[in-house]
1. Any idea how many residues of the range A:25-69 are farther than 22 Å from A:Arg81 by Cα and in a loop (DSSP other than H, G, I, E, B)?
2. For B:Val107, only one of the following conditions fails: (1) closer than 26 Å to A:Tyr35 by Cβ; (2) open to solvent by less than 30 Å² (accessible area, probe 1.4 Å). What is its number?
3. Wholly within the range B:43-93, which strands (runs of 3 or more DSSP E) include no fewer than the required count, namely at least 2 residues that are at pLDDT 95 or above and either away from chain A (no Cβ under 14 Å) or open to solvent by 60 Å² or more (accessible area, probe 1.4 Å) (or both)?
4. Would you confirm, using the coordinates I've provided, whether A:Phe49 is free of Cβ contacts under 8 Å to residues at least 60 places away in the same chain and out of contact with any Lys or Arg (no Cβ under 7 Å at 6 or more places or on another chain)?
5. Does the range A:32-53 contain any residue that is more than 12 Å from the chain's Cα centre (by Cα) and among the charged types (D, E, K, R)?
6. All but one of (1) away from every other protein chain (no Cβ under 11 Å); (2) in a strand (DSSP E or B); (3) open to solvent by 40 Å² or more (accessible area, probe 1.4 Å); (4) not hydrophobic (A, V, I, L, M, F, W, C) hold for A:Ser73; state the number of the condition that does not hold.
7. From A:Gly59, A:Gly51, A:Gly40, grab the single residue that is within 13 Å of chain B (Cβ to nearest Cβ) and open to solvent by 40 Å² or more (accessible area, probe 1.4 Å).
8. Within the range B:5-32, which residues are free of Cβ contacts under 8 Å to residues at least 40 places away in the same chain and hydroxyl-bearing (Ser, Thr, Tyr)?
Amino acid sequence: GAGVSQSPSNKVTEKGKDVELRCDPISGHTALYWYRQSLGQGLEFLIYFQGNSAPDKSGLPSDRFSAERTGGSVSTLTIQRTQQEDSAVYLCASSRSGGRTDTQYFGPGTRLTVL
Amino acid sequence: AQRVTQPEKLLSVFKGAPVELKCNYSYSGSPELFWYVQYSRQRLQLLLRHISRESIKGFTADLNKGETSFHLKKPFAQEEDSAMYYCALRITGGFKTIFGAGTRLFVKA
């Protein structure tokens, strides 16, 4: 079946604009994760969803970042008033149940560039 | 604080040589450790996890709690092993997965 998909694949925006990044997880996966990968850095955990609820938002770097998930499926990561330091690749992953040993399946990422 | 350290940004070896990608973690609880790999133009994918004690594509990794390490090893590197490798830690009772900065492995012919 189809893997995790993300859109857009690339996004260039101006500083101060809002952006929305979309993630379509694997069908039937209840757990969904967002990560950020800045140049030369590892993956930085942003937020985790179990179904539609987000029990762990600890990684969101500021209140400009928010995320939602509807219908236990598609998730949107929104960054308001973007800053240049927000430039990164944003990765989404999903897993079957969110268990500790679950395999996370990653999407191709959205490369965000803030000018 | 939980942390995963991969001390080498780049590791270059000749084909057929042994390879070891180092990973050290900092975590007071019982760790769940993974290695993920990203080949050129492909998605990040799971390579192996410590709980499975498996060998994938000839790679193995042993958890050493005394040294808080989870090094990835392969006795004979192949050119197709060239990729970016990430060590990751999943904490107990939580959902956060902490990734290291990654090591780029380059296997020369």
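1. 11
2. Every condition holds for B:Val107 apart from (1).
3. B:72-74
4. no
5. No - not one qualifying residue is present in the range A:32-53.
6. With respect to (1) away from every other protein chain (no Cβ under 11 Å); (2) in a strand (DSSP E or B); (3) open to solvent by 40 Å² or more (accessible area, probe 1.4 Å); (4) not hydrophobic (A, V, I, L, M, F, W, C), A:Ser73 is out only on (2).
7. Unique residue meeting the criteria: A:Gly40.
8. Across the range B:5-32, the qualifying residue is only B:Ser28.
The values are calculated or read from the model by the stated rules, or taken from the named source; none is laboratory data. Treat the numbers as computed from the prediction; the structure is a model and nothing was measured. Here the Cβ is made from the backbone with ideal geometry for all residues, glycine too, and neighbour counts use every protein chain on show. Note: areas computed on protein heavy atoms with side chains; ligands, DNA, RNA excluded. Shrake-Rupley method; radii C 1.70, N 1.55, O 1.52, S 1.80 Å.
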